[in-house]
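The structure under discussion appears below in the form of structure tokens.
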Amino acid sequence: MTECEVKVRGRWLPCTLYEALVERQEIMRCKYCHGPVQALKESSTGARAHIEHLQRHSGCRFPVGTFSGVESRHPLARK
Ligand SMILES: [Zn+2]
């Protein structure tokens, strides 16, 4: 995932991976399931910079590999 949402003055706004890494946003959520996410920099092991859930959720279409096929709100969804 390369995009998420960030809370700015009480509103959720789209946020790119680049912005999330550079501006070190604290309050971020997945734009699909609204679960908490974190932005990770490129690692020394070669993994690309990316955004991931703090806690995996099978009801989210991201990442596709763990999606159950039925979308649902993350149990820790941020409002
Ligand atoms: Zn999600």
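Some observations on this one:
- The HN-Hα couplings worked out from phi for the stretch 28-36 by the Karplus form 6.51 cos²θ - 1.76 cosθ + 1.60 (θ = phi - 60°) are 10, 9, 6, 6, 8, 9, 6, x, x Hz, whole numbers, x standing for Gly and Pro.
- 3J(HN,Hα) from dihedral phi, the stretch 66-79, Karplus parametrisation 6.51/-1.76/1.60, rounded to Hz, x for glycine, proline: 10, 6, 6, x, 10, 6, 8, 5, 5, x, 9, 3, 9, 10
- Amide H contacts under 5 Å for PHE62, placed H, 5+ residues apart: none
- Mean ellipticity per residue at 222 nm, deg cm²/dmol - from DSSP H runs of n ≥ 4 across the chain, formula -39500 (n - 2.57): -2000 deg cm²/dmol
- Placing a pseudo-label 7 Å from each Cα along the Cα-to-Cβ vector at VAL64 and LEU13 gives an inter-label distance of 3.1 nm.
- Net dipole in debye of the chain [+1 Lys, Arg Cβ; -1 Asp, Glu Cβ; about Cα centre; nearest 20]: 300
- Taken over the stretch 3-66, the convex hull of the Cα atoms encloses 87 Å³ per residue.
- Whole-percent carbon and sulfur share, accessible surface of the chain, 1.4 Å: 49
- For the chain, accessible area per residue (1.4 Å probe, heavy atoms of protein chains only), Å²: 69
- Among VAL6, LEU17, GLN38 - extreme Cα towards positive end, dipole of the chain, charges at beta-carbon: VAL6
- Residue-wise HN-Hα couplings along the stretch 39-45, as the Karplus relation 6.51 cos²θ - 1.76 cosθ + 1.60 with θ = phi - 60° gives them from phi, are 9, 10, 6, 3, 9, 5, 8 Hz; Gly and Pro carry x.
The values are calculated or read from the model by the stated rules, or taken from the named source; none is laboratory data. Small disclaimer: the values here were computed from a predicted structure and weren't measured. As a convention, Cβ positions derive from the backbone with ideal geometry for all residues, glycine included, and neighbour counts pool all protein chains shown. Only protein heavy atoms, including side chains, enter the accessible area calculation; ligands, DNA and RNA are left aside. Shrake-Rupley method; radii C 1.70, N 1.55, O 1.52, S 1.80 Å.
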